[in-house]
Amino acid sequence: MKRHFLYFLFLLAAFNINAQSFPCTNISISNGLPSNSIRCLFKDSRGLLWIGTDGGLCSFDGLNFVVFNETNGLKHNQVWSIAEDKNHNLWISLYGAGVAKYDGKQFSYFNESDGLLSNSVRKIVYSTENECLILATETGLCLYDGRHFKSFTRNDSKFK
């Protein structure tokens, strides 16, 4: 019985029975990316693919790349996470420099001086249920309701 199973597996591999083939294209800086070091991917509500790299942020519509980096409006190049809120604003973690909000036209920036727990934001998630951003930083979690940051660290009594 075991021998028949192994023979079947060999035939399956040899003749590629039921194998599916998906088109795949590699993209790199030669195609328009600002860096080959990709940190995150995010598809927004309009269908644009946003790519966070160590060389900046990039949008891709299926044909063209648009790059945002320190040379054309983005405050910091290291993009680690991207989320979208209910108003279709993109929230971008600029690791080491806080977060940016992109409304489709311009960037607004938030950092520790605005109440953010740490400028080293690793991950951003938008909670539709609570209508707030959840930001995971090097030193704890931060919630942002559109007006105020609320921070939670390991030292908070709520987490002991």
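The values are calculated or read from the model by the stated rules, or taken from the named source; none is laboratory data. Just so we're clear, the structure is a prediction, and the values are computed from it rather than from any experiment. Quick reminder, even Gly has a Cβ in these numbers, built from the backbone with ideal geometry, and neighbours come from all protein chains shown. Quick note on the areas: whole protein, heavy atoms, side chains included, nothing else; ligands and nucleic acids left out. Shrake-Rupley method; radii C 1.70, N 1.55, O 1.52, S 1.80 Å.
Residue-wise test of (1) under 14 Å from TRP50 (Cα atoms); (2) open to solvent by 50 Å² or more (accessible area, probe 1.4 Å); (3) out of contact with any Gly (no Cβ under 9 Å at 6 or more places or on another chain).
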residue: GLY98; (1), (2), (3): no, no, yes
residue: LYS105; (1), (2), (3): no, yes, yes
residue: THR128; (1), (2), (3): no, yes, yes
residue: THR139; (1), (2), (3): no, yes, yes
residue: TYR144; (1), (2), (3): no, no, no
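Could you check the range 58-100 and list, in sequence order, the residues that are closer than 15 Å to PRO34 by Cα, free of Cβ contacts under 8 Å to residues at least 24 places away in the same chain and among the polar types (S, T, N, Q)?
SER59, THR71, ASN72
Quick check: anything in the range 62-75 at positive phi and modelled with pLDDT of 95 or more? Spell out how you get there, then give the answer.
Filtering the range 62-75 down to residues at positive phi leaves 62, 73.
Narrowing the set further to residues that are modelled with pLDDT of 95 or more leaves none.
No, the range 62-75 contains no residue that is at positive phi and modelled with pLDDT of 95 or more.
Can you find, within the range 32-55, the residue that is surrounded by the most Cβ atoms within 10 Å (Cβ to Cβ) among those that are of a type in the set (A, V, I, L, M, F, W, C) and under 14 Å from the mean Cα position of the chain (by Cα)? Before the answer, list the steps.
Within the range 32-55, the subset of a type in the set (A, V, I, L, M, F, W, C) is 33, 38, 40-42, 48-51.
Retained after the next criterion (residues that are under 14 Å from the mean Cα position of the chain (by Cα)): 38, 40-42, 48-51.
On the way: ILE38: 16, CYS40: 18, LEU41: 11, PHE42: 20, LEU48: 14, LEU49: 14, TRP50: 21, ILE51: 23.
Checking each candidate, the answer is ILE51.
Pick from the range 56-93 the residues that are among the aliphatic types (A, V, I, L, M) and open to solvent by 50 Å² or more (accessible area, probe 1.4 Å): which of them is farthest from the chain's Cα centre (by Cα)? Steps first, answer last, please.
Taking the range 56-93 as the starting set, the residues that turn out to be among the aliphatic types (A, V, I, L, M) are 57, 63, 66-67, 74, 79, 82-83, 90, 92.
Pick out the ones that are also open to solvent by 50 Å² or more (accessible area, probe 1.4 Å) and you get 63, 66.
On the way: LEU63: 20, VAL66: 16 Å.
Applying the filter and picking the extreme gives LEU63.
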